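K.L.:
One structure, pasted below without further comment.
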Amino acid sequence: AQSVTQLGSHVSVSEGALVLLRCNYSSSVPPYLFWYVQYPNQGLQLLLKYTSAATLVKGINGFEAEFKKSETSFHLTKPSAHMSDAAEYFCAVSGRRSEKLVFGKGMKLTVNP
Amino acid sequence: GAGVSQTPSNKVTEKGKYVELRCDPISGHTALYWYRQSLGQGPEFLIYFQGTGAADDSGLPNDRFFAVRPEGSVSTLKIQRTERGDSAVYLCASSLNSAANTGELFFGEGSRLTVL
C-alpha cells in the first residue's frame, strides 16, 4: 500500500523567497512520485515526476524535487517564488505498473507581494 | 476541445436522487480515470478504464456507484440513491495509453456535486 503525507494545509511566502513544500511517502514497493498543481479554476496539472531515473527531478515553471529514499521524502522547491505560483500543490505516489495514484491532502501556496 | 471536459460543472440534488456525471476525455486517450475530492482532502481514486472496460474499480465506495464507457471515449459516472456524504468534486482524468509508467494524467475541472 502507498500513502503520502503533506503536513499542514497552507504556506505563505513572499515574492522572491524560497518555496519549500514537504512530502513524505510510504510505499511497500519502489514508488513513483509526482507533484501536481491546481491553479484557481483549472484542473490538476502534472508539475514533475520521479520514476526511478535521476533522483533530482526538474519540472515546469522552475520547480524541482529530490527523491531521498533514506528520508522517504520528495520535497518540492523553487528558489524564487512568483505571484503566479499561487495555487494548491498535491504530492502523489503510485506503485510501479499501478494505475492508481494516491494523493496527499494538498498544500495551498500563497505568494505575498 | 483540447482538454478533458466534464459536465455538469455543478450539480445540486436531493438526498435519494439519481445523478449522472459525464466526462469527455482528450481525443485518442485510451485510459480514463475517475477520482473524488472531498473538502480539504486530496483526490481519491474511484475507477480506471482502459478502452471500454473497467480495469480497476476497487475505489468505488459501494454498489450505489457505477461507471460506464461504452464506446471507449465518453464516460458516465452514475450515483444511485445519493447521500449527503456523496457531496464532493468528482474529477475525471485521461491518459494517452496508461498512467502506470508515465504518471501523467490530464484532469478536467471537475463536477461539484452537492447533496442536500
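K.L.:
Name the single residue, out of those in region A:33-42 being at pLDDT 90 or above and open to solvent by 10 Å² or more (accessible area, probe 1.4 Å), that is nearest to the other protein chains (Cβ to nearest Cβ). Walk me through how you get there before you give the answer.
P.N.:
Kept after step one, since they are at pLDDT 90 or above, are these residues of region A:33-42: A:33-39.
Next, only the ones that are open to solvent by 10 Å² or more (accessible area, probe 1.4 Å) stay: A:38-39.
Details: A:GLN38: 8, A:TYR39: 11 Å.
Of everything passing the filter in region A:33-42, A:GLN38 is nearest to the other protein chains (Cβ to nearest Cβ).
K.L.:
While we're looking at this one, here's another question. Report, ordered by the first and then the second residue, all pairs with beta carbons closer than 9 Å, sequence separation of six or more or different chains, a first member in region B:59-74 that is free of Cβ contacts under 8 Å to residues at least 24 places away in the same chain and over 21 Å from B:ALA88 (Cα atoms), and a second member that is open to solvent by 20 Å² or more (accessible area, probe 1.4 Å) and not in a loop (DSSP other than H, G, I, E, B).
P.N.:
B:PRO70/B:THR76
K.L.:
If you don't mind, there's one more thing I want to ask. Could you figure out which of (1) open to solvent by 60 Å² or more (accessible area, probe 1.4 Å); (2) modelled with pLDDT of 95 or more isn't true of B:LYS78?
P.N.:
(1)
K.L.:
In region A:84-96, which residue that is within 8 Å of another protein chain (Cβ to nearest Cβ) and under 13 Å from B:GLU104 (Cα atoms) is surrounded by the fewest Cβ atoms within 10 Å (Cβ to Cβ)? Outline the logic, then answer.
P.N.:
Of the residues in region A:84-96, the ones within 8 Å of another protein chain (Cβ to nearest Cβ) are A:90, A:92, A:94, A:96.
Filter once more, so that each one left must be under 13 Å from B:GLU104 (Cα atoms): A:92, A:94.
Values: A:ALA92: 27, A:SER94: 23.
The selected residue is A:SER94.
K.L.:
Across region B:57-67, which residue is farthest from B:TYR35 (Cα to Cα) among those that are over 10 Å from the mean Cα position of the chain (by Cα) and either open to solvent by less than 40 Å² (accessible area, probe 1.4 Å) or of a type in the set (Lys, Arg) (or both)?
P.N.:
B:ARG64
K.L.:
Scan region B:20-45 and report the pairs whose first residue is more than 23 Å from B:GLN80 (Cα to Cα) and within 8 Å of chain A (Cβ to nearest Cβ) and whose second residue is assigned to a loop (DSSP other than H, G, I, E, B) and open to solvent by less than 30 Å² (accessible area, probe 1.4 Å), with Cβ atoms within less than 6 Å and a gap of 6+ or a chain change.
P.N.:
Within 6 Å, the pairs are B:GLY42/A:GLY104; B:GLY42/A:GLY106.
K.L.:
Here is a further query. Can you confirm whether region B:85-98 contains a residue that is free of Cβ contacts under 8 Å to residues at least 24 places away in the same chain and not in a helix (DSSP H, G or I)?
P.N.:
No; the residues of region B:85-98 include none that is free of Cβ contacts under 8 Å to residues at least 24 places away in the same chain and not in a helix (DSSP H, G or I).
The values are calculated or read from the model by the stated rules, or taken from the named source; none is laboratory data. This one's a predicted model, so the numbers in the text were calculated from it and none came from an experiment. Counting neighbours? That spans all protein chains shown, and the Cβs are built from the backbone with ideal geometry, glycine included. Quick note on the areas: whole protein, heavy atoms, side chains included, nothing else; ligands and nucleic acids left out. Shrake-Rupley method; radii C 1.70, N 1.55, O 1.52, S 1.80 Å.
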